[in-house]
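So the structure is just underneath, and the comments pick up after that.
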Amino acid sequence: MAHEVVRHNLPLFDEEGRSAAVDDDAGRDRHYLPDLPEEDPYAAGHRTCAGCGPAIQYRWVLKAAGEDSVLAGPTGCMYVANSTYLCTPYTVPWAHTPIASGGSFTSGMAAGYEAMIRKGRYPGTYPNIIVMAGDGSASDIGLGSISGALYRNHDALFVCYDNECYANTGIQTSPTTPYAGMTTFTPFGKAIPEGKKLPPKNLAKMMAAGHPHCYVATTTVGYPVDLMNKTRKGLNHVGAAFLHCYTPCQKGWVYQTSMTVELGRRVVEAGLFPVWEYDPETREYQYFHPPVQRPVTDYLAMQGRFGHMLPEHIATLQRAANQNWQDIGMDVPPDLRAGEDPGHHKRMAEETYSMPLNRGVGA
Ligand SMILES: Cc1ncc(C[n+]2csc(CCOP(=O)(O)OP(=O)(O)O)c2C)c(N)n1
Ligand code: SF4
Ligand SMILES: [Mg+2]
């Protein structure tokens with residue numbers, strides 16, 4: 001006789017109880033956090049760089065998922081920096097997979113647990129099955145295996161931690177590296193002054209459009225409660241879920257290490273990374289409308305990887321951001337529309353911005 005597969009139903013964190021919140025000058029609630037679980041399945045003591053965005057994301061995803069989780073990690077910084085012989089920061093089972101196989105390995109785990117529980121060989125509740133793959137893995141080398149797992153609807157959460165480069169092998173360009181983002185494979189010079197010419201691949205929209213039965217969402221390390229709730233929604237969804245999370249890489253992007261979470265907000269406020277959720281029941285997108293809309297220079301000027309940009313490059317990015325604002329149903333304020341004109345900008349290295357942060361490097 002087949003045994004029943006019992007699943008967890010994780011409660012969502014309260015996003016309304018913001019009594020402890022302290023607003024900053026821009027009206028953003030800065031210091032709000034609800035009561036969170038004490039447990040930290042991603043414990044301290046790993047070896048990622050100071051301020052590593054993917055490490056922050058790993059910690060919050062696993063805090064939201066809890067101890068009854070099993071985890072896979074394809075090759076990338078979050079494999080290499082987190083594991084040395086006989087040592088990992090995880091208090092839950094974890095396995096490394098080849099960079100191309102995060103999706104297929106996780107499909108196997110999900111199918112295996114289903115089968116073992118049905119046959120009475122595993123006595124517990126169906127665990128939270130999670131794979132966290134870098135952008136190089138999820139949007140490029142391992143895209144096929146993740147798409148296959150989503151298509152077959154295995155009950156697992158597939159996360160892309162997006163640091164917008166192949167970080168672990170020395171900051172090479174990936175499909176999610178933004179236009180003009182400097183990497184070791186997209187240096188700027190006389191022939192190609194913008195560095196990278198292509199716009200980023202729209203990974204999450206591609207996953208939602210191509211696998212409409214899946215829960216799909218985007219988030220950033222700038223919104224911890226949103227990130228943790230989307231983790232829980234993805235895990236509660238019976239079937240495959242995909243989460244695309246923006247995670248700054250201070251080594252590759254060249255910024256002050258304390259600014260990782262601030263960047264996670266500014267990229268949204270600059271219109272360069274829309275935060276949304278796709279509901280497979282209603283087949284609708286819900287877009288987050290940030291309370292602050294900034295010129296892209298407020299975001300770009302914080303990072304050395306954009307320091308070489310010329311006025312026409314900044315104008316190109318402002319046009320892309322303005323298109324994003326329209327796509328998510330927000331008006332484009334006149335000053336942001338004016339930024340579509342190159343004459344509106346100085347060279348990036350001379351741009352002013354709204355916080356005293358490090359200057360861009362480069363020309
Ligand atoms: C098939 C294959 N090609 C290339 C590599 C070399 N490699 C190891 S880690 C890595 C970078 C992965 O980038 P990403 O998935 O974005 O993770 P990140 O390092 O940025 O965390 C690469 C290219 C590999 N391990 N396997
Ligand atoms: S190189 Fe980037 S992604 Fe890798 S550990 Fe350092 S900050 Fe994190
Ligand atoms: Mg990466």
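Take G45 and tell me if it is open to solvent by 40 Å² or more (accessible area, probe 1.4 Å) and either assigned to a strand (DSSP E or B) or at pLDDT below 95 (or both). Yes: the conditions hold for G45.
Filtered by the rule that a residue be surrounded by 19 or more Cβ atoms within 10 Å (Cβ to Cβ), at negative phi and assigned to a loop (DSSP other than H, G, I, E, B), the stretch 195-235 gives K196, P200, H211, C214, V221, G222, Y223. Residues that are of a type outside the set (A, V, I, L, M, F, W, C), farther than 23 Å from R347 by Cα and either open to solvent by 10 Å² or more (accessible area, probe 1.4 Å) or touching a Gly at 6+ places or on another chain (Cβ under 7 Å) (or both) do occur in the stretch 291-309. Just one of the listed residues (V221, V292) is touching a residue at least 40 places away in the same chain (Cβ under 8 Å) and within 16 Å of ligand 1 (Cβ to nearest atom), and it is V221. Would you mind stating whether A55 is within 30 Å of V254 (Cα to Cα) and modelled with pLDDT of 95 or more? So A55 passes the test. Which condition number in (1) open to solvent by 40 Å² or more (accessible area, probe 1.4 Å); (2) of a type in the set (V, I, T); (3) closer than 18 Å to V254 by Cα is the one that T282 fails? For T282, the exception is condition (3). Among helices (runs of 4 or more DSSP H) entirely within the stretch 236-324, having at least 2 residues that are of a type in the set (S, T, Y) and away from ligand 3 (no atom under 16 Å from the Cβ) singles out 297-300. For the stretch 56-70, residues that are among the aliphatic types (A, V, I, L, M), within 15 Å of ligand 1 (Cβ to nearest atom) and open to solvent by less than 10 Å² (accessible area, probe 1.4 Å) total 1.
Restricting attention to the stretch 314-329, does a residue exist that is modelled with pLDDT under 95 and over 20 Å from T218 (Cβ atoms)? Checked against the condition, which is being modelled with pLDDT under 95 and over 20 Å from T218 (Cβ atoms), the stretch 314-329 yields no hits at all.
Scanning the stretch 156-170 for residues that are touching a Gly at 6+ places or on another chain (Cβ under 6 Å) and either more than 9 Å from ligand 3 (Cβ to nearest atom) or open to solvent by 30 Å² or more (accessible area, probe 1.4 Å) (or both) turns up L157, Y166, N168. For the stretch 171-205, a residue qualifies if it is within 16 Å of ligand 3 (Cβ to nearest atom), of a type outside the set (D, E, K, R) and in contact with a strand residue (DSSP E or B) (Cβ under 8 Å, 6 or more places away or on another chain), and the qualifying residues are I171, Q172, T173, S174, T176, T177, T183, T184, F185, L203, A204. Summed over the stretch 35-60, the residues that are in contact with a strand residue (DSSP E or B) (Cβ under 8 Å, 6 or more places away or on another chain) and away from ligand 3 (no atom under 16 Å from the Cβ) give a count of 5.
Residue count for the stretch 171-194, restricted to those that are in a loop (DSSP other than H, G, I, E, B), within 21 Å of A133 (Cβ to Cβ) and in contact (Cβ under 8 Å) with a residue 60 or more places away in the chain: 3. Return the only residue of V238, V254 being within 16 Å of ligand 1 (Cβ to nearest atom) and open to solvent by 10 Å² or more (accessible area, probe 1.4 Å). Of V238, V254, the one residue that is within 16 Å of ligand 1 (Cβ to nearest atom) and open to solvent by 10 Å² or more (accessible area, probe 1.4 Å) is V254. Going by what's in this entry, would G102 be described as under 15 Å from R152 (Cβ atoms), within 16 Å of ligand 3 (Cβ to nearest atom), crowded, with 16+ Cβ neighbours inside 10 Å and under 21 Å from the mean Cα position of the chain (by Cα)? Against the criterion (under 15 Å from R152 (Cβ atoms), within 16 Å of ligand 3 (Cβ to nearest atom), crowded, with 16+ Cβ neighbours inside 10 Å and under 21 Å from the mean Cα position of the chain (by Cα)), G102 qualifies. Only one of D140, D135 is over 18 Å from D155 (Cα atoms), open to solvent by 60 Å² or more (accessible area, probe 1.4 Å) and of a type in the set (D, E). Can you tell me which? The unique qualifying residue is D140.
The values are calculated or read from the model by the stated rules, or taken from the named source; none is laboratory data. Just so we're clear, the structure is a prediction, and the values are computed from it rather than from any experiment. Every residue, glycine among them, receives a Cβ derived from its backbone with ideal geometry; neighbour counts consider all protein chains shown. Just so you know, the surface numbers come from the protein's heavy atoms only, side chains and all, with ligands and any DNA or RNA stripped out. Shrake-Rupley method; radii C 1.70, N 1.55, O 1.52, S 1.80 Å.
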